[in-house]
Protein chains: 4
Amino acid sequence: MAKVLMNKLGKRFLVKDTSKDMHTQFGYFKKEDLKAKNGRIKTNTGKEFAIFDAYFIDLHKKIKRDAQIIPLKDIGLIVSETGVNKKSKVVDAGSGSGALACFLANIAKEVTTYEIREDFIEIVKNNIKFLNLKNVKIKNKNIYDGIDEKNVDLVTLDLPEPWKALESAEKSLKAGGFLVSYSPTIPQVMDFVNEARENRHFTYIKTSEIIEREWEIEGRKVRPRSQAIGHSGFISFVRKI
Amino acid sequence: MAKVLMNKLGKRFLVKDTSKDMHTQFGYFKKEDLKAKNGRIKTNTGKEFAIFDAYFIDLHKKIKRDAQIIPLKDIGLIVSETGVNKKSKVVDAGSGSGALACFLANIAKEVTTYEIREDFIEIVKNNIKFLNLKNVKIKNKNIYDGIDEKNVDLVTLDLPEPWKALESAEKSLKAGGFLVSYSPTIPQVMDFVNEARENRHFTYIKTSEIIEREWEIEGRKVRPRSQAIGHSGFISFVRKI
Amino acid sequence: MAKVLMNKLGKRFLVKDTSKDMHTQFGYFKKEDLKAKNGRIKTNTGKEFAIFDAYFIDLHKKIKRDAQIIPLKDIGLIVSETGVNKKSKVVDAGSGSGALACFLANIAKEVTTYEIREDFIEIVKNNIKFLNLKNVKIKNKNIYDGIDEKNVDLVTLDLPEPWKALESAEKSLKAGGFLVSYSPTIPQVMDFVNEARENRHFTYIKTSEIIEREWEIEGRKVRPRSQAIGHSGFISFVRKI
Amino acid sequence: MAKVLMNKLGKRFLVKDTSKDMHTQFGYFKKEDLKAKNGRIKTNTGKEFAIFDAYFIDLHKKIKRDAQIIPLKDIGLIVSETGVNKKSKVVDAGSGSGALACFLANIAKEVTTYEIREDFIEIVKNNIKFLNLKNVKIKNKNIYDGIDEKNVDLVTLDLPEPWKALESAEKSLKAGGFLVSYSPTIPQVMDFVNEARENRHFTYIKTSEIIEREWEIEGRKVRPRSQAIGHSGFISFVRKI
């Protein structure tokens with residue numbers, strides 16, 4: 001079981017292996033301390049940290065990732081608009097590094113993620129293991145060619161040409177089930193939404209983007225951060241009818 | 001089991017009672033059709049709708065609400081930043097109409113929600129029943145006076161003076177557990193964050209606001225909607241250490 | 001000379017005619033008071049207002065307008081990115097109600113505005129007169145067919161197919177001069193920018209949208225307004241080379 | 001007279017001195033070419049650039065600046081909300097590097113800018129000279145102690161404690177004149193607005209922040225830029241009554 005070290009100011013370390021001393025810029029923690037306690041421990045130089053069993057999100061923030069992963073702000077909208085839950089059966093494509101599939105697996109009953117690139121599949125496998133998830137399956141298949149799973153509640157797409165997955169999704173989804181497409185550019189959104197509109201098996205719900213503004217709150221220094229993420233992706237929601 | 005009627009253009013009706021005909025501006029649906037089928041049915045005037053078992057989110061969008069409820073965009077960030085999941089034990093205050101507590105119950109193992117106003121408690125009870133949730137408890141207690149539950153993973157606050165709940169939350173949360181405060185105004189955020197910073201049992205993580213931009217996507221009419229929600233609330237995250 | 005009545009709480013009236021009493025929901029102002037004084041005057045019911053000569057912007061906010069006029073936030077970016085000033089020669093099309101042409105005339109040396117719809121031309125003429133501007137000319141011509149003015153510093157377009165004005169603008173602009181196109185939808189922006197990119201006489205500078213967030217600041221009620229304008233238009237800047 | 005070199009892709013050089021060859025990463029331009037022509041010239045390696053007389057904004061983008069200057073998006077709102085124009089008399093404090101004072105001087109009749117730090121005054125003087133502005137005066141005085149100019153149309157403040165300038169501004173402004181305060185943090189805005197509200201000589205108009213979203217528009221790559229400025233400052237508008 002991985003642990004987290006966190007100090008009062010938010011400095012955080014993930015302890016994957018408690019059988020070894022852990023060295024940091026604040027000094028080192030003895031393995032006896034790492035293993036034995038939940039509570040407060042100190043480095044050899046006297047710096048105090050809290051130590052506790054890692055939460056899922058502590059691990060998720062440390063997964064291996066290729067260039068671009070979907071940010072938490074966008075995962076949040078997918079979860080809140082679809083109401084995905086313990087009983088949900090989910091299909092995801094393409095996996096990328098598995099950030100979305102793994103997050104959803106933490107909530108849903110089961111997740112199957114489709115990916116055609118073998119290098120990404122290796123990353124996802126490692127991430128599933130790292131996160132200790134038992135309900136994610138990964139398939140080295142092209143979702144454009146079909147989805148094996150039936151009666152699915154939610155299909156999520158992070159693909160260059162998501163409209164090519166409409167037919168597969170339609171056959172896989174339950175009536176009322178959600179198809180969510182995540183794309184960085186507007187022409188992708190246009191093509192996806194227009195094709196979904198022309199398909200009698202889908203009702204278009206909406207397309208949104210999420211802008212997260214982080215604030216600095218410290219004494220009288222209260223203001224949005226100077227630096228921000230300008231854009232990640234547009235999220236389109238359609239439902240099977 | 002409630003059902004949903006949805007047509008191609010996104011027009012949606014919730015069918016709570018399938019033992020009666022359902023009248024709409026599109027004509028009426030016969031009770032036999034409402035009861036018998038998942039699939040496509042027609043009104044007496046020939047308008048086609050899909051009918052399917054309501055998803056949680058279909059019901060959640062129809063819960064009774066007092067003036068102001070937390071929007072889905074904000075619920076999304078709370079879920080994604082905390083990683084709340086099937087094993088999570090959650091405490092919430094104040095309930096308001098229960099929108100947040102009920103949403104979290106759909107994901108978490110159990111949720112207890114504190115509310116001091118009896119009129120709100122009635123609303124929440126009805127909403128829990130309407131949503132058919134079995135894992136939400138509601139308490140008519142002031143969270144400032146303490147939290148009965150221990151080893152809690154997540155405490156969510158939607159209170160006028162959230163800093164007054166810091167001590168209660170501290171005693172209730174597991175190490176590493178999240179305390180999330182949702183407030184509409186900046187002075188509330190300042191007071192909450194400053195008091196959390198001064199409390200040795202909490203590490204301040206961040207404060208964010210979520211701006212959702214909805215887009216119109218229809219042929220060449222591709223643009224953000226003219227009307228938008230300018231603001232709902234600021235979301236502050238701290239963790240117990 | 002029009003005057004403005006403004007009270008402490010921001011309630012504002014424009015007095016176009018000081019030869020008549022002015023009736024308001026706060027009571028009426030006597031014509032003698034309206035004519036005689038700059039300073040403070042009172043209604044017959046004792047409500048105090050400041051009275052002063054109208055500023056340009058007081059009048060501009062009251063011009064007649066068709067459905068949609070460019071908001072001040074967007075005019076601001078056009079002014080600040082082009083540095084338009086007392087010496088600038090400006091051409092504008094289509095006039096619409098003349099909000100942009102008139103605003104620019106308040107800053108620039110001269111403005112000529114092109115409009116094909118005669119109903120709009122009437123509105124613009126009235127607005128020019130109302131604003132007492134001497135340096136705006138209005139032409140009932142299609143800018144796609146050419147611009148009479150030469151050595152122009154700035155051309156502004158608010159047109160359904162702005163790319164059709166590229167050739168006219170190119171012949172009219174001085175080297176280094178700005179062409180600014182204002183469009184509500186992304187496909188318009190795409191077509192305009194792509195055609196400008198293919199024209200050897202233009203260098204593409206940038207496309208932006210401006211989001212204005214208004215705040216409520218009152219005691220501890222300090223927060224962005226709940227209601228907001230979600231979108232007006234995208235502003236694209238190119239320069240003649 | 002400074003000139004600008006600009007190529008098709010937007011690469012831009014300012015030529016301050018046309019009596020010397022100009023060396024760039026694209027090769028060098030001969031002084032004869034720099035001096036003689038407006039039009040197209042080539043480097044010794046055959047790269048084509050347009051050359052033209054610098055516009056004000058070309059120079060303004062190159063002024064010397066201390067750490068933080070007000071961005072054009074924010075200057076834009078100040079201009080558009082106040083309607084500052086050829087006849088306007090403006091007072092500005094503190095100058096900083098003079099970016100706002102100089103921009104306003106390009107539009108207004110005259111600008112006086114107050115600054116207490118002598119190192120900044122040197123920067124401003126150089127910038128005024130560089131921009132060839134004749135209508136900006138700079139004063140080494142604290143605006144909290146009073147403003148010499150009377151019948152002023154617009155006072156702009158970029159100060160740590162702008163509320164301390166309310167009394168000075170009140171005595172200096174014409175009735176109806178604008179006082180605009182630019183501050184990075186919310187507590188500054190709160191104190192300024194609350195004090196202005198308590199002063200019978202001012203009417204509070206509004207506080208806004210401006211978010212500029214830049215877009216990439218290139219073929220099908222059409223999307224907001226990934227990187228963005230998260231925040232610069234809040235702009236508060238009050239008027240003398």
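The values are calculated or read from the model by the stated rules, or taken from the named source; none is laboratory data. Everything numeric here is computed off the predicted structure, so don't read it as measured data. Methodologically, a virtual Cβ is constructed for each residue, glycine included, from the backbone with ideal geometry; neighbour enumeration extends over all protein chains shown. To get the accessible areas, we keep the full protein, side chains included, count just its heavy atoms, and leave off ligands, DNA and RNA. Shrake-Rupley method; radii C 1.70, N 1.55, O 1.52, S 1.80 Å.
Just a few scattered comments:
- A DSSP coil position with no more than 15 other Cβ atoms inside 10 Å describes the following trypsin sites (Lys or Arg not before Pro) in segment A:131-164: A:Lys134, A:Lys141, A:Lys150.
- Directionally averaged projected area (convex hull, Cα atoms, segment A:51-112), nm²: 4.8
- Overall shape: oblate for segment C:126-188, with the ratio a/c of the largest to smallest alpha carbon gyration tensor axis at 1.5 or above and b/c at least equal to a/b.
- Too-long pairs where the Cα-Cα distance tops 27 Å, listed order kept, from C:Lys89/D:Lys47; A:Lys89/A:Lys141; B:Lys37/B:Lys61; C:Lys3/D:Lys171; A:Lys64/D:Lys73: C:Lys89/D:Lys47; A:Lys64/D:Lys73
- 13 Å Cα-Cα reach of D:Lys125 towards aspartates and glutamates, excluding residues that sit fewer than 8 places from it in its own chain: D:Glu115
- Under 14 Å from B:Lys174, Cα to Cα: aspartates and glutamates that are on another chain or at least 8 residues apart: A:Asp53, B:Asp148, B:Glu149, B:Asp153
- The charge dipole of segment D:54-145, taken about the Cα centre with unit charges on the Cβ atoms of Lys, Arg (+1) and Asp, Glu (-1), comes to about 380 debye, rounded to the nearest 20.
- Rounded tilt (10° steps) of C:186-198 against the dominant C-alpha axis of chain C: 50
- Using alpha-carbon coordinates, inclination of helix C:118-131 to the longest axis of chain C, degrees: 50
- Neighbours of A:Ile107, meaning other residues whose beta-carbon lies under 10 angstrom from its beta-carbon, give a summed charge of +3 when Lys and Arg score +1 and Asp and Glu score -1.
- Kirkwood-based Rg to Rh ratio, the protein assembly as shown, C-alpha trace: 0.99
- 5 angstrom amide H check on C:Asp92, placed H, neighbours 5+ away: C:Thr112, C:Thr113, C:Tyr114, C:Thr156
- Among A:Ser172, A:Ser181, A:Ser80: highest mean-square fluctuation, GNM of chain A, C-alpha pairs under 10 Å: A:Ser80
- 222 nm mean residue ellipticity, helices alone, for chain B (DSSP H n ≥ 4; -39,500 (n - 2.57); rounded to 500): -7500 deg cm²/dmol
- Rounded, prolate or oblate (a/c below 1.5 giving rounded, otherwise prolate when a/b exceeds b/c) for segment C:168-209 by Cα gyration tensor: prolate
- With the convex hull drawn around the C-alpha atoms of segment C:34-81, the volume per residue stands at 135 Å³.
- Other residues whose C-beta falls under 15 angstrom from the C-beta of D:Lys30 contribute a net charge of +3, scoring Lys and Arg +1 and Asp and Glu -1.
- For chain C, the Kirkwood estimate of hydrodynamic radius, built from reciprocal distances between every pair of different alpha carbons, is 19.8 Å.
- Accessible area buried between chains C and D, both sides summed, probe 1.4 Å, in Å² to nearest 100: 5700
- Environment charge of D:Arg225, counting only residues whose C-beta is closer than 9 Å and scoring Lys/Arg +1, Asp/Glu -1: 0
- Kirkwood hydrodynamic radius over Cα pairs of segment C:108-236, then Stokes diffusion coefficient at 25 °C and 0.890 mPa s, in µm²/s: 145
- The residue among A:Gly76, A:Gln188, A:Gly230 whose Cα reaches farthest toward the positive pole of the charge dipole of chain A, with charges on the beta-carbon of Lys, Arg, Asp and Glu, is A:Gly76.
- Prolate/oblate/rounded label for segment B:1-118 (Cα gyration tensor, a/c 1.5): prolate
- About the centre of its Cα atoms, chain B shows a dipole size close to 1260 debye [charges on the beta carbon of Lys, Arg (+1) and Asp, Glu (-1) only; nearest 20 debye].
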